Number of protein chains: 2
Amino acid sequence: MSERPHLRRGPALAAARPHAEFLATSSWSRRTGDRVCDFVFGDPQESPPDGFVEAIQRAGAARDPSWFAYKGSTPVARETVSESLRRRLGVPFEPADVFMTRGASSALAIALAALVEPGDEVIFLMPPWFFYESMIAYARAVPVPVGVDMRTFDPDIEALEAAITSRTRAVIVNTPHNPTGRIYSDCVLTDLAGILSSASAAHGSPIYLFSDEAYSRIVFDGRRFTSPVAHYPYSLLFYSYGKTLLTPGQRMGYLALAPTMPARAELREAIALAQFGGGALGVPDALMQHALPDLEPLSVDVRRLERRRDLLAGALQEHGYEAHRPEGTFYMLVKSPAADEAPFVDLLAAHNVYVLPGRIVGLPGYFRISLTATDDMAERSIVGFSEAMREHANGRRSVRRP
Amino acid sequence: MSERPHLRRGPALAAARPHAEFLATSSWSRRTGDRVCDFVFGDPQESPPDGFVEAIQRAGAARDPSWFAYKGSTPVARETVSESLRRRLGVPFEPADVFMTRGASSALAIALAALVEPGDEVIFLMPPWFFYESMIAYARAVPVPVGVDMRTFDPDIEALEAAITSRTRAVIVNTPHNPTGRIYSDCVLTDLAGILSSASAAHGSPIYLFSDEAYSRIVFDGRRFTSPVAHYPYSLLFYSYGKTLLTPGQRMGYLALAPTMPARAELREAIALAQFGGGALGVPDALMQHALPDLEPLSVDVRRLERRRDLLAGALQEHGYEAHRPEGTFYMLVKSPAADEAPFVDLLAAHNVYVLPGRIVGLPGYFRISLTATDDMAERSIVGFSEAMREHANGRRSVRRP
């Protein structure tokens with residue numbers, strides 16, 4: 001029996017594998033040392049925001065025997081979240097519609113378990129967050145990619161409408177959008193809501209909008225973020241504190257049902273059962289829920305991210321790159337000077353500048369820079385970006401020579 | 001559209017609902033106050049073990065910028081676990097075969113995602129842990145219950161063999177067993193391994209043994225715990241620190257592949273992809289992994305649980321109950337004096353003694369006592385158990401009278 005393979009088939013495996021292979025590439029895991037400029041992931045490279053460690057340590061002291069007992073969404077956490085959502089979005093969320101999760105990805109997993117059956121189709125936008133496709137596939141549903149308009153980075157509404165079938169159960173949108181940095185306007189969201197409402201009516205059953213708002217508080221230039229949830233009743237809002245606090249290994253977020261959602265009692269039950277009946281996977285640790293009232297007002301310094309964006313965008317443009325200035329998120333998208341970005345990304349790495357190749361997020365020909373690098377890395381990287389561009393240009397010239 | 005139901009069908013929903021309804025029953029959620037004796041769940045009613053809060057708070061202080069960054073299974077955590085498993089079980093687990101999870105239920109969810117396809121059958125033993133059936137159903141697989149021998153509480157090996165079909169993908173066992181307190185002997189495990197090996201060979205593909213060992217360190221009377229993983233190569237071990245530390249709201253555990261498992265490289269990849277591609281749901285918080293080397297040697301006072309078991313078992317037998325003395329776990333199973341235990345459980349509650357009705361865990365006619373209650377509750381409860389028995393007997397007499 002020892003020669004027999006473990007796995008019979010695996011669309012989910014196939015969807016997750018490219019990311020795993022990228023992560024396992026040794027040159028990426030070796031990106032350490034004083035000279036490295038690490039722009040690969042939205043990961044912290046400096047201390048957490050002031051007050052974070054104190055809040056965690058305070059919440060670590062048991063104040064009663066049930067402090068570390070089994071926890072669902074605690075009443076204090078639900079109240080804190082609904083108050084924050086009302087204040088920030090102007091939408092009257094109810095505490096009973098808030099389900100504490102381990103971030104936005106965990107909220108998506110719970111929504112998929114509660115609402116999506118095998119064979120259902122779930123639409124997501126390309127370029128996507130790393131694991132939308134594989135998460136849909138692990139839920140045994142069918143991932144349906146739809147492109148964005150590459151001039152505006154807005155959803156291609158016509159392509160989206162054309163992709164809807166009688167099996168479409170949900171559409172995932174993400175605003176502010178990783179990796180393009182686009183914030184969807186009220187106008188775009190109204191169009192989106194319009195086609196989802198029409199298609200739902202034609203279907204005879206609702207198409208859900210899964211709204212991934214992990215970056216809703218990382219917004220630049222004094223822009224205003226509008227939640228898609230304000231535009232469409234069959235909406236589920238997903239949020240993560242891991243971005244706002246820049247502590248993604250300490251997982252907490254939530255799923256919130258739109259207050260305009262019809263028949264919410266039934267849906268609340270379905271969400272609660274999926275969360276517990278699925279193994280209580282999606283509930284944050286007791287400590288994180290205890291710390292939430294202290295953590296809710298904390299944030300990374302968004303103005304500093306904005307200044308880093310401006311420094312890098314200016315320098316890259318000066319050295320001949322097409323760099324896209326994001327409206328929000330941690331990320332800046334840059335067009336690779338070579339059509340295939342992979343060798344160019346390796347060339348940057350040879351200059352100690354590590355970026356994310358676009359193909360990993362469905363955008364071949366681009367690379368992604370995370371603004372969570374330090375100011376020092378941002379400044380030091382400019383020489384590397386400049387030299388890589390020069391070598392690339394020389395390489396092209398030398399190739400052209402007979 | 002507002003009248004349209006959200007849900008189309010739901011075997012998973014149906015499997016999870018009875019537990020949710022029980023949890024929502026107001027008399028259970030009202031079990032507070034000085035006079036209450038709460039034996040319902042394996043939840044803490046006293047302070048965590050000495051050293052727990054200190055370990056958590058120490059791990060809460062960021063020692064480097066990546067302290068709270070995205071985390072997979074950290075090398076230190078994997079090393080700590082494999083060393084503990086080697087020492088406690090005498091089985092040479094490799095660090096690379098250890099995957100940190102959010103407890104045993106989270107390990108089960110990952111194993112289901114990695115190895116089980118829709119339509120596959122997964123066998124579990126009745127009486128089961130609360131959510132085996134619903135977790136299998138949420139994985140879109142088919143839950144197949146098989147009874148235990150009610151005299152010994154060992155698996156009914158013949159019934160298990162008869163339940164295996166060509167669609168059987170895995171069998172879940174739990175030793176020490178919640179709620180019977182049974183520890184499976186080497187002899188039972190050898191028989192189990194024998195039928196699984198034969199059936200796998202007949203199938204042409206392995207049937208996996210999912211071994212839930214959440215209570216492996218809560219063992220009484222100097223008994224020895226043997227892991228099923230030592231008996232059968234296609235075994236995945238699930239563990240939770242939430243029982244040993246009695247802090248189930250602060251979730252950490254692991255999934256470990258048997259070192260005798262053939263073709264482990266392929267399976268390691270499948271587990272890692274399910275864990276990340278499924279949304280990184282199953283990875284414990286950074287803080288818990290940092291704290292693990294300090295937490296690993298800590299434990300609830302098992303001798304004290306044993307004394308509480310003896311006090312309660314003796315008193316219950318004295319007052320006419322059939323109480324089963326567990327070999328391990330937090331739980332003691334008691335036969336209800338009435339064939340339908342539900343009204344008797346309500347009668348106990350009227351005397352401020354709260355226990356878990358057996359029907360919730362597939363054992364109608366029984367109730368379950370959690371030994372995690374305080375010594376004071378255990379002592380105070382004896383009057384309530386005694387009076388409920390007396391009233392039940394009087395009630396029966398009065399019913400018999402014309």
Is it the case that residue B:312 is assigned by TED's automatic domain parsing to the domain that holds residue B:57 and either surrounded by 22 or more Cβ atoms within 10 Å (Cβ to Cβ) or under 27 Å from residue B:113 (Cα atoms) (or both)? no
Among the helices (runs of 4 or more DSSP H) lying completely within the stretch A:23-113, list those that include at least 1 residues that are facing chain B (nearest Cβ under 7 Å) and touching a helix residue (DSSP H, G or I) at 6+ places or on another chain (Cβ under 6 Å). A:52-59
Unique match (being part of a helix (DSSP H, G or I), of a type in the set (Asp, Glu), farther than 30 Å from residue B:101 by Cβ and not assigned by TED's automatic domain parsing to the domain that holds residue A:90) among A:306, A:266: A:306
Read through the list (1) under 15 Å from the mean Cα position of the chain (by Cα); (2) within 13 Å of chain B (Cβ to nearest Cβ); (3) more than 13 Å from residue A:238 (Cβ to Cβ); (4) part of a loop (DSSP other than H, G, I, E, B), then give the number of the only condition that residue A:129 fails. (3)
Any residue at all in the stretch B:319-340 that's part of a helix (DSSP H, G or I) and either more than 30 Å from residue B:68 (Cα to Cα) or within 14 Å of another protein chain (Cβ to nearest Cβ) (or both)? no
Going residue by residue through the stretch B:272-281, is there one that turns out to be in a loop (DSSP other than H, G, I, E, B), buried (at least 22 other Cβ atoms within 10 Å of the Cβ), without any contact (Cβ under 8 Å) to a residue 60 or more places away in the chain and outside the structural domain of residue B:111 (by TED's automatic domain parsing)? no
Identify all residues within the stretch A:195-208 that are within 14 Å of chain B (Cβ to nearest Cβ) and either of a type in the set (Asp, Glu) or under 24 Å from residue A:151 (Cα atoms) (or both); write none if there are none. A:196
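Kindly indicate which of B:280, B:272 is within 14 Å of chain A (Cβ to nearest Cβ), on the phi > 0 side of the Ramachandran plot and at pLDDT below 95.
Step by step, each of B:280, B:272 is checked, and only B:280 is within 14 Å of chain A (Cβ to nearest Cβ), on the phi > 0 side of the Ramachandran plot and at pLDDT below 95.
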Find the residue count for the stretch B:116-126, including only residues that are buried (at least 18 other Cβ atoms within 10 Å of the Cβ) and either of a type in the set (Val, Ile, Thr) or outside any loop (DSSP other than H, G, I, E, B) (or both). 6
Given the conditions (1) buried (at least 19 other Cβ atoms within 10 Å of the Cβ); (2) in contact with a strand residue (DSSP E or B) (Cβ under 9 Å, 6 or more places away or on another chain); (3) in the same structural domain as residue A:109 (by TED's automatic domain parsing), which single one is not true for residue A:327? (3)
Got at least one residue in the stretch B:387-402 being touching a His at 6+ places or on another chain (Cβ under 6 Å), crowded, with 20+ Cβ neighbours inside 10 Å and not in a strand (DSSP E or B)? yes
Hey, could you check the stretch B:286-311 for residues that are among the acidic types (Asp, Glu) and closer than 15 Å to residue B:250 by Cβ and say which is nearest to the other protein chains (Cβ to nearest Cβ)? B:294
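Pick out the one residue from A:214, A:263 that is on the phi > 0 side of the Ramachandran plot and either small (Gly, Ala, Ser) or more than 14 Å from chain B (Cβ to nearest Cβ) (or both).
Result of the check over A:214, A:263: A:263.
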With the first residue restricted to the stretch A:127-139 and required to be surrounded by 24 or more Cβ atoms within 10 Å (Cβ to Cβ), and the second required to be basic (Lys, Arg) and in a helix (DSSP H, G or I), Cβ contacts under 9 Å at 6 or more apart or on different chains are A:134/A:17
Scan the stretch A:208-226 residue by residue and report those that are assigned to a loop (DSSP other than H, G, I, E, B) and crowded, with 23+ Cβ neighbours inside 10 Å. A:213, A:214, A:215, A:216, A:218
In the stretch A:341-354, what residues are over 15 Å from residue A:387 (Cα atoms) and modelled with pLDDT of 95 or more? A:341
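The values are calculated or read from the model by the stated rules, or taken from the named source; none is laboratory data. This one's a predicted model, so the numbers in the text were calculated from it and none came from an experiment. Because the Cβ atoms are built from the backbone with ideal geometry, glycine has one as well, and the counts that use them run over all protein chains shown.
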